[in-house]
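One structure is given here, and the rest of the page talks about it.
Where a number appears in this text, it was derived from the coordinates with a stated rule and is not lab data. Because the structure is a prediction, the values reported are computed rather than measured. Here the Cβ positions follow ideal geometry from the backbone for every residue, glycine too, while neighbour counts run over all protein chains shown.
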Ligand SMILES: [Zn+2]
């Protein structure tokens, strides 16, 4: 199984000669500028992206090197941006761990390591040994993303997904690491397994939450150290995440881009500095300042992951 699908719009290559003849492509090429450059707003607060996939982002962008180099080369440098948690959950990346390590040697880049539930049917003893090896030899701050994903045809692997999920939750407890959860179309099973496996006080990042506030509250009531991550799905109009953005206590919120996914219009991919756009949407919905959202979510990320962004 390959990577989770990026929205079709993102897969178009505007540099293809044939695509240049389409007026929409021409219009987009002429009008495109990085969204943060065209934004008239600037904020004094420093901020972070609590969840992105630099390995996937660099792959689809045709880039190798550090995050600093990427931001510089693509003109995405953002003064308040202090770093990110980058998630490695593809076996292809984990099996080339020595080359991936360069990604987390940049200032402000911390790593989570896991196994994506959409690939759980490929999970073997070797994959488990690989994850254990990376955890033993590197400065990894969390285990994830792991979880359940019953969307589309992945439903047929639900038993295998559940077995892998339980195994990796136990590994997180034994390694004393916070967990990053991915639950898609599987929330009741996901909640049940986490309740059975993790201690109540465990630090949990419920990533890319798409359900509404009532759903989120069930998690909050059971896990006092759980935070919910909201992506730019908020800005793209998804009703569940917008409801969560309105009601969530600010000390339980994390900003995430899930880069390269959920790009704000008109970007082709999201990148970690675009976490600021999620903060803008949350601030608008709640009627508070963007600086407050940026500041508080940075603190929450540091507390949950036990890291410091300088
Ligand atoms: Zn992710």
Report summary line: In units of 2.2 N^0.38 Å, the Cα radius of gyration of the stretch 257-310 is 1.22
Query raised in the report: Measuring from centroid to centroid over Cα atoms, what is the spacing of the stretch 84-139 and the stretch 141-208 in Å?
Result: 16 Å
Query raised in the report: In a GNM of the chain with a 10 Å cut-off on Cα contacts, which of 205, 110, 121 has the highest mean-square fluctuation?
Result: 121
Query - Principal semi-axes in Å for the stretch 65-153 [√(5λ), Cα gyration tensor, largest first] - result: 26, 16, 11
Query - Cα gyration tensor shape of the stretch 147-239, rounded if a/c is under 1.5, else prolate or oblate by comparing a/b with b/c - result: oblate
Report summary line: Quick calc of log₁₀ I(q)/I(0), the chain, Debye, one scatterer on every Cα, no solvent, q values 0.10, 0.14 1/Å, result -0.53, -1.08
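One quarter of the convex hull surface, Cα atoms only: what value does that give for the stretch 203-297 in nm²? Walk me through the numbers on the way to the answer.
On the way: hull surface 21.9 nm².
For the stretch 203-297, the mean projected area of the Cα convex hull comes to 5.5 nm².
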Report task. Give, in nm to one decimal, the length gained when the segment between residue 129 and residue 153 is fully stretched (0.36 nm per residue of separation minus the Cα-Cα distance). Result -> 5.9 nm
Query raised in the report: Could the peptides 99-106, 151-158 be put in order, highest first, of the mean number of other beta-carbon atoms found within 10 Å of their residues?
Result: 99-106, 151-158
Query raised in the report: Considering the chain as a Gaussian network with a 10 Å cut-off on Cα pairs, which listed residue, 72, 281, 128, attains the greatest mean-square fluctuation?
Result: 72
